[in-house]
Each structure stands twice: as structure tokens, then as C-alpha cells.
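A quick write-up on the structure given underneath.
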């Protein structure tokens, strides 16, 4: 496994780490929502690049799949940058972009089983410049319908809203968005633009990501007073 | 903030050590009031202390004076050949300070200060400037007093000349309109009244004389009628010929008698009757004789006899003639009197006209004279005021020349400064510290303001009303770790460099630093 992938994955975090605890919480919330509302197609996006949506998508998809008996599909819908595909080592393989460009050819090869239990993956395929065009094809809509019937939870790793209209263009196909926000970094105007684009009523919730250590301590002391006060993230070994 | 403190304080320290020291010397000069009390002599130097000091300052700090000082004390030797003179002068003026002291209304002293690298030079320059101030003050005061006195003198002369001219004008006017002047009004009215009375008197006299003349005329007429003479034959002048008159009277009586007879005859007879005819002839002859004006003419008596001698006056005529003559003479006198009275009346009327004119013109003259006098009086007041001022200015001038006016006196002579005035090291260091703190704080505030991101989940919820599902910490990856180490190394390196720079500086300037700190 890629060392970077290792370093960001929940599996490799200390058992008592705050990160892991929060991933658990996130999983609980998502599963509860899916169970109660049948809204299983969840798009994970952010305002700008580098806020951690790919990391979150991967972690939540893999955690849900590993801690339960649900089949989880993770789809790399970022047909321009294809970070998830590269990270998981599927670059070079045929993927979503190929499927959409070839009018549905190779559907059987689309769904890949990952090394993680119950986690299936659809890679982005080769990077393409006309991702919006492809994602708005009926073919993609049909694919989503198939996925909906086949899997328990579908996590779509979407590109950032400000960079491309892709996340907003598939509004009708997703059941909701998780917006990932880099705390203390992304300017408000870009964030507000992203929310406007995808629609505030379509946002399931926000993941307040990459919070600094001091802020985490404050957060923990405010909301997690019953935890050990000396607890802190240990460096990656 | 720490960074700003370290950097700013260090630079301030370097400046304090490296900057050239300047020493300040100063002197205090007292402004002594005039020795003679102001109630006795009021000074004509009316500039306020501030104004005078400003004027003197401009004179003392003028280009030629300053250049002289620069050359005398060899100031700015390293710059004299390199920069223009204006720059040297500006530098000198920057280093000089003149300040008034004392309560706001009673400034009674001022200080002169000068900064220089050499304390001895600073002291000498201040002394020199003080001397210049004292000398210039005296010159200014004397100059102003003299100027004021001279000016007032010319003014007084000019006004006096004008005053004399107006005086002459008034005199000419009074002479020209003598008699019509307001002060003569009463006299004129008196004269007018008197002449009016005289006129009345003369008129009465004329009336009386006319009455008398009338009476005489009546009497003369009556006598003429009795005499039988024709009107024109009754001479009333001096050449009255009594004889002739007598003869004529007789002839006239004879003629009258004959005519009466004729008229009676004509009742009965015509003119062709011989008796009538004869009578008519006799009447004719008598009339011829009557008409003959010669005094030698013979008079034919009633019976035809000739009366001889021109000296003969008929007895019956003598009384009439004498009376008539007397009457005529008296009438002449009365006429003469009337004539004289008329003449006198004319004179009086003329006089009345003259005085009436005077009275009529008096108001006009009064107005004209008032105007002339008003101008004159105003000018006179001005003249008297100027004269008084001139007297005072002369005394003030004398006072200034004798140095009894306001003086400058050195109270506190220029001293040798033992410690430098600049740079003010403690102040600079404190200021640097405060500036650095302020910069740090403002920088932080600025960064805070410019940061438009959202810091906490609470803030997010508050603004957008969206649920924050979770808060995730930064995951330190290998790459991230490396970057952190790099940053720390750079920071440490920067600190080390800083310390090295400080130590090097202290080492290089150790002597000066020891001197500054008096170690």
C-alpha cells in the first residue's frame, strides 16, 4: 500500500486517537441517515482543492464497509484529477470516464473489489477534460440507478465545486452532499459559492477538517470533557 | 510579535550606538523693561516681544551672518566643499533653537540653544549668537525710535502748514464778507431798525414840507390872482424884478379894469362902436406894454401919462409884491428842504438796502463760516495730537539712545555641555520597544481581519445553519512532518544568525558601548 495512503487511513491511526473517534461518529451519522431515509447516494465534495474530501471519502467508505455488513461502493467521480484512483493504484485501468465515453462499454469491469472488506470501487479511468459532459449523460444517470439497487451505501468522491461544475451538475442523481471544509483556510466567499451551487438544502452536513492541534484541544475540552485530558494525536510512526 | 520586537529593538540599539553624538549648549537672556517709568515716557517701540524677537532672529540667522559664524568656528568642515551653502545654512538653522520663556502674557526671557558634535564649539556659538541678539535689539529699538520721531516731525510740519492755510482762508473770508458775519447780525439789525426809524422820520418831514409847500402855493396863487399877473410872470427865483413886477401888476390891473368896461359896453354896443373900438385899442396897447419885458419900458397910466423910472413901484403893488416875494422865497426854501429830505431819504433807503442784504446773507455766511471753522478745528485737534506725540517720540528717542529703554541682558551664560543631548538613547530604546509591540499587535489584528475563513464549528453553524457532522484533526503525514522540521530548522537558523549579528555588533562597538554605559 502506498505510504501516503497508509498514513491517512483510519486503520493506521492509534486506537485512541481523536481522528478515529470522529470517523466512528461520522460513520454512525451516515449509516443512521441511510437507514432512516433510504438516501444512499452521498456525494463528498468541498469548495476548493486540498480540503481533504478524498481522504474523508476513502476513510468513511472503508470504515463503513469494515465495520458492518453493508456493501459500500466508492466511486472516484473526479474525472480530471483522479487522485483517489491513483492513490488506490487503479490508474491505468479502465474506469468511469472510459465507460461513459464508450457509451457503456465495459460495465462488468467497472466495479472493482478493493483490498478492504465489503468495499467496492469504481475508478475514474483516464483523466478527461470534458468531465461535466460525461457526467451529465443519461448513461451516468442509468449507472447511478443500477448502483442504487446494487449497493447499500454509495460514496461519490467529487471534484471541488469552485474548480468545476461537476458536483452541481449531478445534483439530481445524488441524495445529499457532505461538504468538507478546511478549518481556518478556505475563504468564506468560496465556501458560500460552493453551498449556493450545490444547494444548501442538499447538504447533509459539514466535516470540519484539518483542525490545528490547539483548536482540537479546545474542542475536546468543550465537547469531550470525560476523555482523558492528556490524550493527544501521536505522530505517525 | 516576538520577531518584530527582536528586529526593531536591535535596529534601535544599533542606531543608538552608531549615531553621532550631539551636544547642546544654551544661554538664557532676560528682557529687562525700560528704566524710565512708562507713565513718564511711553516708548515708541511698540512691537511685542514675540514680534521683535522674530525680527531679530531673522536678522541674526540671515545668510551672511550665519556664513560668518560657520567660517569663524569652522563648522561642518567635512561638508563645506561638498554641499551647497544653502545646505550648510539649513543644517545650522536646524541645530539652532530660540524659544521665549515666561507666562503667556508676560514673556520676559528667551533661550538660545545650539547643537554640535564638539561641546566647546556649541558653547562658543551660543555665546556669539547671544551677543548678536543683544546688539541687534538695541539697534532695532534706536532705529525705530528715531524713525518714529522723524516721521512725526514731518507730519507735524505738514499739518501746521495746512492749518495756517486754513486760518488765512478764514481771515480772507471774514474780510470779504465783513458786515455779513453772524457775530454782526445784532449790530446789523440794530442799524436796520435805526434806519427804518430815520426813514419814517424823513418821510414825516417830507410830508410836512409838502404840506407847507401846498399852503404857500395856495397863498401865492391867491396873491397872484390879486396881482393880476399871469402865472408865468410870477417869478420866484432870485432874479425877481420888483419894478417890472409892479409895472406889470399895474398894467394887469389896468387891463382888467378896461376889460371889465369893455364887457359892459358890449352889452349895449358892438365892437364897431367907436367907444368900444377905442377901448379895445387901449386894451391892446396895455397888453403890448404888459408883454414888453424890458424894465425900461414905459408904463402908460390910465390917463395916458407915462410913468418914468424903472425904480418906480406902484404903491398898491408894493405890499403884494413884498408878500409874494416873501412867499415865493419861503416856497423856495421849502422846496429846497424837500429836495434835501428826498436826498436824505434816498441815502437812508440805500443804507436800509445794504443792511437788509447783510441780514439776508447772514445765514448763508454763517453756514459757510461754520464749514470753514469745522475743518479748521478738526485739523487743529489733529495738530495738537501730533504735536504731543512728537514730543513723546523725541523723549523716547533720547531714552533709547541713552540705553534706558528695554534691554536684553544675559541671565545664564552659555555653558560647556558635559553629556550628549542626542541621540536620546533611553527614549529611543523605549520607543522602539513600544513600536515593535504595536507593530506586532497591529500585524496580528491585520492578519486576523484579512483572514476570512471560519475557525470553529460553532461559527460555521451560526453562519450557515448547517450541521457539523464531525471535527477532524490534521493528519501529520511524512511529508507534513518533513515540512515542519524544515520550518523549525529555518527558524532556529534565523535565531542563531540574529544572535551572531548581535554579538558581532557588540564586539565591534564594545568601546563605544562601554563609554555610553559608563562602564
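Looking across the range B:135-149, the residues that are over 16 Å from residue B:385 (Cα atoms) and either within 34 Å of the chain's Cα centre (by Cα) or buried (at least 16 other Cβ atoms within 10 Å of the Cβ) (or both) come down to B:136, B:137, B:138, B:139, B:140, B:141, B:142, B:143, B:144, B:145, B:146, B:147.
Taking the range B:481-494 as the range and being within 12 Å of another protein chain (Cβ to nearest Cβ) and farther than 27 Å from residue A:187 by Cα as the test, only B:485 passes.
Could you tell me whether any residue of the range B:497-504 is within 14 Å of chain A (Cβ to nearest Cβ), modelled with pLDDT under 90 and more than 60 Å from the chain's Cα centre (by Cα)? No, that holds for no residue. Scanning the range A:143-171 for residues that are assigned to a loop (DSSP other than H, G, I, E, B) and touching a helix residue (DSSP H, G or I) at 6+ places or on another chain (Cβ under 8 Å) returns A:152, A:158, A:159, A:160, A:161, A:162, A:164, A:165, A:170, A:171. Of all the residues in the range A:12-38, those that are surrounded by 15 or more Cβ atoms within 10 Å (Cβ to Cβ) and either within 18 Å of residue A:147 (Cβ to Cβ) or more than 12 Å from every other protein chain (Cβ to nearest Cβ) (or both) number 4. Using the structure shown, decide if residue B:31 is surrounded by 16 or more Cβ atoms within 10 Å (Cβ to Cβ) and either without any contact (Cβ under 8 Å) to a residue 24 or more places away in the chain or not in a loop (DSSP other than H, G, I, E, B) (or both). Against the criterion (surrounded by 16 or more Cβ atoms within 10 Å (Cβ to Cβ) and either without any contact (Cβ under 8 Å) to a residue 24 or more places away in the chain or not in a loop (DSSP other than H, G, I, E, B) (or both)), residue B:31 qualifies.
Is it the case that residue B:452 is closer than 30 Å to residue B:15 by Cα, loosely packed, with under 14 Cβ neighbours inside 10 Å and touching a helix residue (DSSP H, G or I) at 6+ places or on another chain (Cβ under 8 Å)? Answer is no for this residue. When each of B:485, B:475, B:426, B:496 is tested for being in contact with a helix residue (DSSP H, G or I) (Cβ under 8 Å, 6 or more places away or on another chain) and without any contact (Cβ under 8 Å) to a residue 24 or more places away in the chain, the lone residue that passes is B:475.
Would it be correct to say that residue A:227 is surrounded by fewer than 18 Cβ atoms within 10 Å (Cβ to Cβ), modelled with pLDDT of 90 or more and more than 11 Å from chain B (Cβ to nearest Cβ)? No; evaluated as a whole, the condition is false for this residue.
Within the range B:432-459, the set of residues being assigned to a helix (DSSP H, G or I) and either within 14 Å of chain A (Cβ to nearest Cβ) or closer than 27 Å to residue B:98 by Cα (or both) comprises B:447, B:448, B:449, B:450, B:457, B:458, B:459.
Filtering the range A:133-142 for residues that are modelled with pLDDT under 90, within 16 Å of the chain's Cα centre (by Cα) and assigned to a helix (DSSP H, G or I) leaves an empty set. Of all residue pairs spaced 6 or more apart or on separate chains, those with beta-carbon atoms under 7 Å, a first member in the range B:328-343 that is more than 15 Å from residue B:206 (Cβ to Cβ) and a second member that is at pLDDT below 95 and part of a helix (DSSP H, G or I) are B:328/B:220; B:330/B:216; B:331/B:213; B:331/B:216; B:331/B:217; B:331/B:220. Condition first: at pLDDT below 85, part of a helix (DSSP H, G or I) and facing chain A (nearest Cβ under 7 Å). Now tell me which residues in the range B:461-480 satisfy that. Within the range B:461-480, B:478 is the sole residue that qualifies. Just wondering, is there one or more residues in the range B:68-90 that are in a strand (DSSP E or B) and in contact with a helix residue (DSSP H, G or I) (Cβ under 6 Å, 6 or more places away or on another chain)? Checking the range B:68-90: not a single residue is in a strand (DSSP E or B) and in contact with a helix residue (DSSP H, G or I) (Cβ under 6 Å, 6 or more places away or on another chain). Residues being facing chain B (nearest Cβ under 7 Å), free of Cβ contacts under 8 Å to residues at least 40 places away in the same chain, under 21 Å from residue A:42 (Cα atoms) and assigned to a strand (DSSP E or B) are entirely absent from the range A:184-193.
The values are calculated or read from the model by the stated rules, or taken from the named source; none is laboratory data. Since the model is a prediction, treat every value here as computed from it, not as a measurement. Virtual Cβ from ideal backbone geometry, glycine too; neighbours counted across all protein chains shown.
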